[in-house]
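Below is one structure; the comments refer to it alone.
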Protein chains: 2
Amino acid sequence: MNIGDVARMSGLPAKTIRYYEDIGLVEPMRSGNGYRSFRESDLHKLAFLGRARSLGFTIDECRNLMQLYADKDRASSDVKQIAKGHLQRIDAKIEELTQMRETLSHLIRACAGDNRPDCPILSDLASLPDQKKPA
Amino acid sequence: MNIGDVARMSGLPAKTIRYYEDIGLVEPMRSGNGYRSFRESDLHKLAFLGRARSLGFTIDECRNLMQLYADKDRASSDVKQIAKGHLQRIDAKIEELTQMRETLSHLIRACAGDNRPDCPILSDLASLPDQKKPA
DNA sequence: GTAGGGCTTCCACCAACTGGAAGGTCAAGA
DNA sequence: TCTTGACCTTCCAGTTGGTGGAAGCCCTAC
């Protein structure tokens, strides 16, 4: 299979696939004309990567997960551990965004949004953090 | 004030402040020894930037917001517009993360997490997207 | 032979910093 | 006076995960 084929089948852009080869995530063979030649197993890996990335795993985590996938003697606890760590990151991010959302929507509600210059959003942004000038 | 002073007072790392100067967000003066010399107004801008960034506004949005802040003839609707756009982005991100969280926590619950190799997390990742091989 | 698609490499760029090296400045202490 | 240490300077490189584009093969069809 050429890169266009696996791109279509994996749902990943060809550019991304070349990038994944660059960083050693897949190692397709080469045809006589220099084209990459993907095996079934490469396609499989790419699909794995696409799915893992879509769940937000980092490239490094993907690397680890693929290793575990390849290792028939793995312990599922190792996989679960990675997933749990990732879940925690997601939770932290959601928390952070929710906090932003809170503040921001509060400010938006308070802003008249008319043609006058007074604006609680700007007032908030302009407020200094609780620290004072140097002596 | 030297960079260390405004760093402490604004809560921003000195490196970040230099970077902000690089991209034209602040323009501190220079002392005879080559050190940056920050005015009160620079500190104010930096605090503004720090606050806006902490709410997740992009640097470009910060630029616009600072311009509006400086413009005494601004319409608060312009500010509100920027904030609303940003809120939408936040909502989209939260939505995306929540979806990931959903899938992931589901998989984690399904995984035994013991020393056996069977793992629904890996099984899910390994599933191909709904597309078939080429003709 | 030429037009088109697909493929190749390489280089640059995105956001928003962060780390580190090499070196100048300044105030205090021995 | 010298030195130590905390500041400060610039510049270069790296981070994450790709994306865009240029220049140039390859292959098939017409």
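The values are calculated or read from the model by the stated rules, or taken from the named source; none is laboratory data. Predicted model only: the values in this text are computed from it and were never measured. Quick reminder, even Gly has a Cβ in these numbers, built from the backbone with ideal geometry, and neighbours come from all protein chains shown.
Only one of the numbered conditions (1) farther than 12 Å from B:Lys80 by Cβ; (2) over 25 Å from the mean Cα position of the chain (by Cα); (3) within 7 Å of chain B (Cβ to nearest Cβ) is violated by A:Ser105, and that is (1). Within the option set A:Lys84, A:Lys15, being within 16 Å of DNA strand C (Cβ to nearest atom) and part of a helix (DSSP H, G or I) holds for one residue only, A:Lys15.
With the structure loaded, tell me whether B:Gln99 is under 16 Å from the mean Cα position of the chain (by Cα), outside any loop (DSSP other than H, G, I, E, B) and farther than 30 Å from B:Ile3 by Cα or whether it fails that test. Here the answer is no, as B:Gln99 does not meet what is asked. The combined condition, being assigned to a helix (DSSP H, G or I), within 13 Å of chain A (Cβ to nearest Cβ) and away from DNA strand C (no atom under 12 Å from the Cβ), is fulfilled by B:Leu68. Kindly establish whether A:Ile59 is within 16 Å of DNA strand C (Cβ to nearest atom) and exposed (fewer than 15 other Cβ atoms within 10 Å of the Cβ). For A:Ile59, the condition - within 16 Å of DNA strand C (Cβ to nearest atom) and exposed (fewer than 15 other Cβ atoms within 10 Å of the Cβ) - is met.
Inside segment A:107-124, can you point out the residues that are surrounded by fewer than 13 Cβ atoms within 10 Å (Cβ to Cβ) and in a helix (DSSP H, G or I)? Step through it out loud before you land on a result.
To start, the set of residues in segment A:107-124 that are surrounded by fewer than 13 Cβ atoms within 10 Å (Cβ to Cβ) comprises A:109, A:114-116, A:118.
Residue satisfying the conditions is A:Arg109 alone.
For segment A:18-45, the set of residues classified as within 14 Å of another protein chain (Cβ to nearest Cβ), under 18 Å from the mean Cα position of the chain (by Cα) and over 20 Å from B:Leu107 (Cβ atoms) consists of A:Leu25 only. Filtering segment B:1-30 to residues that are within 18 Å of B:Met66 (Cβ to Cβ) and either in contact with a Cys (Cβ under 8 Å, 6 or more places away or on another chain) or touching a residue at least 40 places away in the same chain (Cβ under 8 Å) (or both) leaves B:Val6, B:Ser10, B:Leu25. In this structure, is A:Leu46 more than 18 Å from B:Pro120 (Cβ to Cβ), in a helix (DSSP H, G or I) and either in the same structural domain as A:Ser10 (by TED's automatic domain parsing) or hydroxyl-bearing (Ser, Thr, Tyr) (or both)? The answer is yes for A:Leu46.
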